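**Q** So that we are looking at the same thing, I have put the structure below in structure tokens.
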Amino acid sequence: MVLRWLHVLTAVVAHGSVARAAAELCLSPSAVSRAVRQTEAAIGIDLFERGARGMTALPAARQLALRAQRAQEQLLKADAAGRARAATPRRALRVSQITDGMLHALVSIARSGNETLAAAALGVTQPAVHLRLRGLTHLAGTPLVRRTDRGVRLTDAGERWAAAAELALSELRVAEEELAGWRGLAVGQLAVGALPMAGTELVPRALGRLLERLPGVQATVADGTYETLLHLLRHGEIDLVVGPLRGALAAADIEEQTLFVDHLVPVVRAGHPWLGRSKAALRRDLSGADWISPLRGSPARLAFEAAFRATGHEPPAARLHANSPSAVRALLLQSDRVALLSPLQVLSDVAGGVLAVLPLPLAGTERAIGITTRRAGLPSPAGRVFMDELRAVVVGLQLTDATPV
């Protein structure tokens, strides 16, 4: 997908005329027509219906123009932020001068911190990467990298431009996937961020359904803390995050969709000595248990503390703090410790008789589980199908401790 061609195509879609688009872009009508033909040849479908009164954009052209415009907006925002910080006034960016090669070079350098490694990742030479970076730096009007003994580091402006470049390239990638759909091909990529409670059942089940429905899609799953996944989401490296929502604490640029309300339960190993106790005995002794506490600042930790305060007790001073499902599972299996977990997180282990839930409902452990996306984002076809499958999985599981919404 050539960014310059898309800039031309967007103008033709907006004006419905090669001549008017050429006048806006300060190009010859023949150059505009050539760019449109080259775009159509590259993607393998017609984008316009040509007639005596001009060129009528077909649905595929309108969708492609929308993605191209969204990509350009990311670059213009980075430029506007730079001009606002500049000591002296400078003219606004001409997006038509930026190439997709420049954007790929900056993103690859940001990830590798080295021009040689960036070149290897892109399959080009190091001088080619250097020239592309220099060209983008000239257009940005400010240094994007700082050279050190160990390679290159992004400047503050470089960080802004790298983030904008990743989001712009993400829009172009999705545009290609949408165009493949117009050609009758169900292909694409999906990158999902899975928070700990969603990585054992919810995300795997939904991905399985997605890949059955769209076998041409390639999916990847990233796990980590909320902060790590949010960084990837904001930079366009993942499409969405699945797990506990932040609600009123969510950042302004984030949008949340609730799938269901989860109620955490106390979990122990099978054969734990407390499994035969009465609810009254469990309630009396629970604060004295050897707890595995969720990490500070997480919704699970807030629910952990709320559960004890609801019983009139202060949260216990746990010696172990972990959010990793595999670490928590191993710690439970090798000891008589207790952890407050989502029923989804231990669904298979409980069904298999490996772990067990203590029969003691705890108040105050409710937390919303759902999908987190960028507020300004526009999901890809695979992303929309995956979100549908997440909702279907929630309905299909019919967890007694979860309330679908």
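The values are calculated or read from the model by the stated rules, or taken from the named source; none is laboratory data. Note that the structure is a prediction, hence the values are computed from the model and not measured. Positions of Cβ are backbone-derived with ideal geometry, glycine not excepted, and every protein chain shown enters the neighbour counts.
**Q** Is it the case that some residue within the range 11-18 is surrounded by 14 or more Cβ atoms within 10 Å (Cβ to Cβ) and either closer than 19 Å to A168 by Cα or modelled with pLDDT under 90 (or both)?
**A** yes
**Q** Okay, moving on. Only one of D388, D336, D290 is among the acidic types (D, E) and within 21 Å of P204 (Cβ to Cβ); which?
**A** D388
**Q** Tell me the helices (runs of 4 or more DSSP H) entirely within the range 257-360 that contain at least 2 residues that are touching a strand residue (DSSP E or B) at 6+ places or on another chain (Cβ under 7 Å).
**A** Output list reads 299-310, 325-333, 347-351.
**Q** Any idea which of A168, A92, A78, A86 is out of contact with any Phe, Trp or Tyr (no Cβ under 8 Å at 6 or more places or on another chain), crowded, with 17+ Cβ neighbours inside 10 Å and of a type in the set (G, A, S)?
**A** After ruling out the rest, the residue left standing is A168.
**Q** For the range 226-237, does any single residue satisfy the condition of being closer than 24 Å to R374 by Cβ, hydroxyl-bearing (S, T, Y) and not in a strand (DSSP E or B)?
**A** The answer is yes; a qualifying residue exists.
**Q** Then there is this: What's the total number of residues in the range 205-225 that are in a helix (DSSP H, G or I), surrounded by 15 or more Cβ atoms within 10 Å (Cβ to Cβ) and either without any contact (Cβ under 8 Å) to a residue 24 or more places away in the chain or touching a strand residue (DSSP E or B) at 6+ places or on another chain (Cβ under 7 Å) (or both)?
**A** Number of matching residues: 3.
**Q** Would you confirm whether or not the range 365-373 contains a residue that is in a loop (DSSP other than H, G, I, E, B) and modelled with pLDDT under 95?
**A** yes
**Q** Does the range 267-285 hold any residues that are of a type in the set (A, V, I, L, M) and either in contact with a Pro (Cβ under 7 Å, 6 or more places away or on another chain) or free of Cβ contacts under 8 Å to residues at least 24 places away in the same chain (or both), and which are they?
**A** Listed by number, the residues that qualify are A280, A281.
**Q** Right, something else. Looking at the range 307-320, can you tell me whether even one residue there is in contact with a helix residue (DSSP H, G or I) (Cβ under 8 Å, 6 or more places away or on another chain), closer than 25 Å to T228 by Cβ and not assigned by TED's automatic domain parsing to the domain that holds V242?
**A** Yes, the conditions are met somewhere in the range 307-320.
**Q** A further question on this structure: Checking G208 against (1) under 18 Å from the mean Cα position of the chain (by Cα); (2) modelled with pLDDT of 95 or more, only one condition comes out false. Which one?
**A** (1)
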